[in-house]
Every structure is written in C-alpha cells, then in structure tokens.
Amino acid sequence: MDQFLFFLVAFLAVASAVYFVFARNPLYAILSLIVTMFSIAGMYILLNAQFLAIIQIIVYAGAIMVLFLYILMMLNLNKEDESKKSNTIKFVGVFTAGLLLIGVLGVFRGIQDKHIVADDVDKGVGLTKNLGRLLFNEYVLPFELASILILAGIVGAVLIGKKDL
C-alpha cells in the first residue's frame, strides 16, 4: 500500500511539473509548481523523512512560492511577452531537455540489474526526534554559533535599512 501511495504522489509531482513547463498562463504555472512542492513533501513523509517534508513545505511551498507569486503580480506579464522569445532560446531549451532525457534513460538502464534489500534499513533515521537529540546534544556549539551569526545578520540588515537611528 505504501508503494502504491508513493507512486501515486510521484505521478502527481511529475504531472504537475510537466504542466508547469507547458502552461501558457504564468499564474497557473506557479500554482502547479506549488502542487509539485507539496507532492515532494508527501514523498518525503512516505520515505520517513518528516523533517525534510516540513522544511519542504515551509521553505519551498510557503516562502519561495509566495515570493514567485508576488514577483509575477508585480511584473504584470501578458501574452505579447511570449512572442518576443527567439527561436534559438526555444531550440536550446528543447536540446537541453533532450540531453536530460538521455541522462535519465541512462540512469534507468544502469540500475535495472541492481536490487535493494530493505531488511536492514533503520526505521529511526530521518525522524525529527533523533535529529533534535543530535542537534542539541552533540552539535550544540555550532548550532548556537549559527544562531548568533543569523542574529548579527538581522541586526545588520535593520541598521542598513534604517535611515535615522
């Protein structure tokens, strides 16, 4: 059942990514990209990597897609902009997609003979509890140094952004 659900979510991710590439309306393209990001988060959950799934939703499907939508609304794209693209750019895109397809087919051809045995897989890997325990026990000093660095960056950005102090 898990494998069927994984392939269903993977098919949804690939279908929405293909729609993103071929969509004529930029707004629909970005919305299909959001569906792709949520599908990838669903695949992370099915692979027992809950932390990556939450980060995928918060960072990519949340913040970056809102930024894309904001930029799209600010640009105010219309149909006249699509006709300004030259044929060389379209040819380079098709050529690059062909090279990517050849690479993917080569990878699939190379892994046909290998079988993965899932009996010795540790089911605790990827859980947020284990990551938090490791982060706050063994790597607490680098974690705190990174938080101080981020705090210094925020203070610096506020000081640069303010006119009068």
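Readers should treat all values here as calculations from the given coordinates under stated rules, not as data from a laboratory. Given the structure is predicted, the values throughout are model-derived calculations rather than measurements. FYI the Cβ positions are ideal-geometry reconstructions off the backbone, even for glycines, and counts take in every protein chain you see.
To the nearest 0.05, how large is the calculated FRET efficiency for Ala157 and Met73 if R₀ is 22 Å and r is the Cβ-Cβ distance?
The value I calculate is 0.35.
Quick check on packing: order 31-41, 88-98, 47-57, 13-23 by the mean number of other C-beta atoms within 10 Å, highest mean leading.
So the peptides 31-41, 88-98, 47-57, 13-23, ranked by packing, come out 31-41, 47-57, 13-23, 88-98.
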